[in-house]
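A.B. asks: First the structure, which I've put down as structure tokens, then a few questions once you've had a look.
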Amino acid sequence: MAKIWAIIRQDLRVFLTHRSNLPSLLLVPAVMTILIGLVDSGAFSGPAVRLLDVIDQDGTQASAQFLASIRQANPDLTLCPMDNTDKDVCALGKAGVLTESQALDRVADSTSRALLEIPAGYEASLAAQQPVTLAFRSSGSFGSSQAAEQAVQAALSQANAAAVASQIGLTVINRVQGQPLAGDQAQQIKGALYQRALEMEKGKNVSVELTLSGSTEAPTMGQSLQYGLGQSVPGMGTMFVLMTLFGGMAALIVERQQWTLQRLAVMPVSRSTLLAGKILARFCLGLLQFLVVFIVGALLRMNFGKDPLALLLLVIVYTLCVTAFSFAVGSGLKNPAQASGLGLLLTLTLAPLGGAWWPMDISPRFLQVIGHVSPVAWAMDGFTALTYHGAHLVDILVPLAVLLGMTVLLFLVAIPRFRYQVD
């Protein structure tokens, strides 16, 4: 183990003592994180509009109250067509109306986050204490409709709690009186109890944690900027980890050409120890790159979510996956120029494709599917769930499992192909 640590320390020392590496490790990621955060926050073009399409077939006071609860749970959602403006923020066109087929198409192409359908008879079913089912349809992509779904669930919780409270209240009144109230009177009292319970539920300020917010004592940090940082901090972290570790492919080729690897291989160090040291050295560089952008986020008082352990595990698994990727690709390259060019190409392809530059859910559906060939997409799915939606470890098991699977497969390719000699 001591020999592995010696190799790690030596590789890190060589990398950090080259002044040309420091800007790409420290300065450029910090600047890009802030710049992309400003762009994604809407500082230059206004905040992004998040649409939830609604087909209200009931059109009653009860359905209007339900929609009001959704707005309260997530003020960042725009309910279409109800909340459309003269600027047509709902993108409905001249008609200004929305049919079910149009709404389904909008969800499929990611114009809106999801479609909520309130059936006719919703208010009557509530009044009669009968079950009623609302239809919620989304594209099904991980994280893209989670904010809208959580807002609807919060509104449902309020409505269900108020319905239960009104029924219990009516039962208590009947028992106190010793006989049940007449039908019309019972319905009137139950309705009044329902309204009162709903008001009390709203008084609890039920909300959905979906945007990053800094400390309330930081007046310079707006909510929109924090939303942008929630995209740029993990996004730039994932991208610069790619850039740094793919850049390490050229360094390994130089070591072969200078006979550094060959000399190490004939020393009293097993080849497995040598390979482990090289892999872990690159892995540590990736963690260091993440640390830089996370420090930027911390300085701007960004909230990283509720589960630090899940965040740490996601960082580790993603970095290990990219490390395996770089070794799998780099083993077949023959000169540093080839490695540098391919590394830059892979970085500038996998990063935007995987959602490092902008949220995946604003891309067309087919790009969201294609983008998940990139490990960046799975990492960003996990980061989005943790930082925007307050998720925990159990909620990001799918991204973690996929990244671990990629890591194992890539190492199975990389380790047998690793060469110590120059062709």
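A.B. asks: Suppose we keep only residues that are of a type outside the set (Phe, Trp, Tyr) and touching a Gly at 6+ places or on another chain (Cβ under 9 Å) within region 10-31. Which one would you say is farthest from Val233 (Cα to Cα)?
C.D. replies: Selected residue: Gln10.
A.B. asks: Please tell me if Ala356 is hydrophobic (A, V, I, L, M, F, W, C), modelled with pLDDT of 85 or more, touching a Ser or Thr at 6+ places or on another chain (Cβ under 9 Å) and over 30 Å from Ile4 (Cα atoms).
C.D. replies: Yes.
A.B. asks: Looking at region 277-311, which of the residues that are surrounded by 18 or more Cβ atoms within 10 Å (Cβ to Cβ) and small (Gly, Ala, Ser) is nearest to the chain's Cα centre (by Cα)?
C.D. replies: Gly305
A.B. asks: Would you check which residues across region 312-323 are more than 19 Å from the chain's Cα centre (by Cα) and polar (S, T, N, Q) and list them?
C.D. replies: Thr323
A.B. asks: Also, quick follow-up: With Leu367, Leu333, Leu393, Leu397 as the choices, which residue is hydrophobic (A, V, I, L, M, F, W, C), farther than 21 Å from Met32 by Cα and without any contact (Cβ under 8 Å) to a residue 12 or more places away in the chain?
C.D. replies: Leu397
A.B. asks: Separate question: For the list (1) under 30 Å from the mean Cα position of the chain (by Cα); (2) under 28 Å from Gly237 (Cα atoms), I need the number of the one condition that Val89 fails.
C.D. replies: Every condition holds for Val89 apart from (2).
Quick grid of which residues meet (1) farther than 20 Å from Gly59 by Cβ; (2) at pLDDT below 80; (3) crowded, with 16+ Cβ neighbours inside 10 Å; (4) not β-branched (Val, Ile, Thr):
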| site | (1), (2), (3), (4) |
| --- | --- |
| Asp86 | yes, no, no, yes |
| Leu92 | no, no, yes, yes |
| Asp105 | yes, no, no, yes |
| Thr133 | no, no, no, no |
| Ala148 | yes, yes, yes, yes |
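A.B. asks: Condition check: part of a helix (DSSP H, G or I), within 25 Å of Phe294 (Cα to Cα) and more than 22 Å from the chain's Cα centre (by Cα). Does Ser326 satisfy that?
C.D. replies: yes
The values are calculated or read from the model by the stated rules, or taken from the named source; none is laboratory data. All values reported here derive from a predicted model rather than from experimental measurement. Every residue, glycine as well, gets a Cβ built from its backbone with ideal geometry; the counts of neighbours run over all protein chains shown.
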